[in-house]
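Following: one structure in structure tokens, then a few remarks.
The values are calculated or read from the model by the stated rules, or taken from the named source; none is laboratory data. Source: prediction; values computed, not measured. Virtual Cβ from ideal backbone geometry, glycine too; neighbours counted across all protein chains shown.
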Amino acid sequence: MQEWTSDLKFAGADPNWKNILADSIRLETWSERIEPIASKLAQSIPLSLEDGLTLYSHHNLNEVGKLAGLVKSSRFGEYAFFNSNVHINPTNICVLACRFCAFRRSKKADDAYEFGPDVYADELAKFADHVDEVHTVGGLHPEWIINDYEKMFSSAKKRFPHVMIKALTAVEIKHISKKSEISVGETLSRLAKAGLDSLPGGGAEILDDEVRDKICRGKETSAEYLHIHKTAHQLGIPTNCTMLFGTVETLEQRLQHMIDLRELARETNGFQCFVPYPFLPDDSRLPEAQLATGSEIVRTIAISRLMIDTIPHIKAYRMNIGDNLAELALQYGADDIDGTVQQELIMHLAGSSTPLDLDRNRLSRLIEDAGCKPVIRNTIYTKFSEFERKEIIPPRRLKMSS
Ligand code: SF4
């Protein structure tokens, strides 16, 4: 069983991936529309917004997927990644009311809740012997300041030093910094000292202020999202970044979002994973949303892989898109399907029916069925280990891949 480590820049990728990609692209035949794009990729030229539009309108989705699959396999070979994690959301009380959000509650709501630091650590204790990551995001609590989060993270870290804390969206960082009357930089430094290991990148939605005004008025601006992540990267805190699509945005706005994140990553090398996921409509207030179809979801994942050359990992977020599409997306450029996820609230309240508490054997089986080799990773993509299934799972009647 192979184990290896990597630095934050390559995050497990083959450092020679651009040459591998150039060779593999040249060995294939491409249609007239795709050939100029393939040629740019072979020369490591970043794709333009117009290239992205061509990829969205190209009738042959499989050709787009094949190109994205080549980029993925040049970086990571046959590997696909997952981890062992749990989501704990310390409060659903939020001063904002984003129209796509099914999770937030007002302070007076019957089902509003909040955990103190001890309850947070007690919650984690239920899972700590079989996870090495806790994913923590929550509402913008009207009273909590930085001391509350410092206590929460330091008490969890003290009890469970092996569990990495991936926590807080950019708007939570902004809110905590404002409530505590300190800068974003000081907020991030103090939280890192208390045990914060990385930011999950949620809340990017679409980095276009007109779209944000329609779907999440009051949240951080696009520039603030980028600034908060840049500050984290400058402080040595790695982050992921996301894209919520299928609300009211145009294809141009989606592509510009990818380009903005790509260019920040070129400057900082601090993003490790891009997570594009579609809007789920249950219990939200966005009737005009143009819900994404299955083929649009895998196409968007493939296009993310092709547009973004500076962020190593593209995640097919199974909590949102379900296990079946996540498995398929591994053949369309994604290399990661997130984790075992022992419990999750936000996506499930919005309509996700993805099973929780999937053990590592079942998750690795899903990866193998997509023709990939499962690799278990840590939160920040610096430690990797090939995963060998130990438990016997009844064989499928049809052989799924070889
Ligand atoms: S998405 Fe976050 S900030 Fe917006 S309402 Fe929901 S919990 Fe609050």
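When segment 130-165 is filtered for residues that are touching a Gly at 6+ places or on another chain (Cβ under 6 Å) and either in a strand (DSSP E or B) or away from the ligand (no atom under 16 Å from the Cβ) (or both), the ones remaining, listed by number, are F153, S154, K157, I165. For L67, state whether it is away from the ligand (no atom under 13 Å from the Cβ), surrounded by 21 or more Cβ atoms within 10 Å (Cβ to Cβ) and not in a strand (DSSP E or B). Judged against the criteria, L67 is a match. (1) surrounded by 24 or more Cβ atoms within 10 Å (Cβ to Cβ); (2) modelled with pLDDT of 95 or more; (3) closer than 16 Å to F245 by Cβ: which one isn't true of I321, the others all being true? Evaluating I321 over (1) surrounded by 24 or more Cβ atoms within 10 Å (Cβ to Cβ); (2) modelled with pLDDT of 95 or more; (3) closer than 16 Å to F245 by Cβ leaves (2) as the failure. Cβ-Cβ distances below 9 Å connect the following pairs, each with a first residue in segment 356-381 that is at pLDDT below 95 and among the basic types (K, R), a second residue that is outside any strand (DSSP E or B) and buried (at least 20 other Cβ atoms within 10 Å of the Cβ), and a separation of six or more residues or different chains: R360/S84; R360/T340; R360/F387; R362/T340.
State yes or no: is V171 of a type in the set (V, I, T) and more than 20 Å from Q234 (Cα to Cα)? Taking the combined requirement at face value, the residue does not satisfy it. Every residue in segment 1-24 that is under 30 Å from F387 (Cβ atoms) and more than 26 Å from the chain's Cα centre (by Cα), please. Those that are under 30 Å from F387 (Cβ atoms) and more than 26 Å from the chain's Cα centre (by Cα): M1, N19, D23, S24.
What about A109, is it farther than 28 Å from K151 by Cβ, out of contact with any Lys or Arg (no Cβ under 8 Å at 6 or more places or on another chain) and either surrounded by fewer than 21 Cβ atoms within 10 Å (Cβ to Cβ) or of a type in the set (K, R) (or both)? Give the steps one after another, and end with the answer.
On the way: farther than 28 Å from K151 by Cβ: no; out of contact with any Lys or Arg (no Cβ under 8 Å at 6 or more places or on another chain): yes; either surrounded by fewer than 21 Cβ atoms within 10 Å (Cβ to Cβ) or of a type in the set (K, R) (or both): yes.
So A109 fails the test.
If we scan segment 166-185, do we find a residue that is within 21 Å of F103 (Cα to Cα), modelled with pLDDT of 95 or more, away from the ligand (no atom under 14 Å from the Cβ) and assigned to a strand (DSSP E or B)? Steps first, answer last, please.
First pass over segment 166-185, keeping only residues within 21 Å of F103 (Cα to Cα): 166-176.
Going one step further and asking which of them are modelled with pLDDT of 95 or more, we end up with 166-176.
Subset that is away from the ligand (no atom under 14 Å from the Cβ): 166.
Then keep just the ones that are assigned to a strand (DSSP E or B); that gives 166.
Yes; the residues of segment 166-185 include at least one that is within 21 Å of F103 (Cα to Cα), modelled with pLDDT of 95 or more, away from the ligand (no atom under 14 Å from the Cβ) and assigned to a strand (DSSP E or B).
Checked against (1) over 16 Å from the mean Cα position of the chain (by Cα); (2) of a type outside the set (F, W, Y); (3) within 14 Å of the ligand (Cβ to nearest atom); (4) under 19 Å from T136 (Cβ atoms), L196 meets all criteria but (3). Of the strands (runs of 3 or more DSSP E) lying entirely inside segment 306-398, those containing at least 1 residues that are more than 30 Å from A102 (Cα to Cα) and among the hydrophobic types (A, V, I, L, M, F, W, C) are 373-377, 383-386.
The residue list A42, A97 contains one member that is small (G, A, S) and closer than 30 Å to R285 by Cβ, which is A97. Taken over segment 70-112, the criterion of being within 12 Å of the ligand (Cβ to nearest atom) and part of a strand (DSSP E or B) is satisfied by T91, I93, R105.
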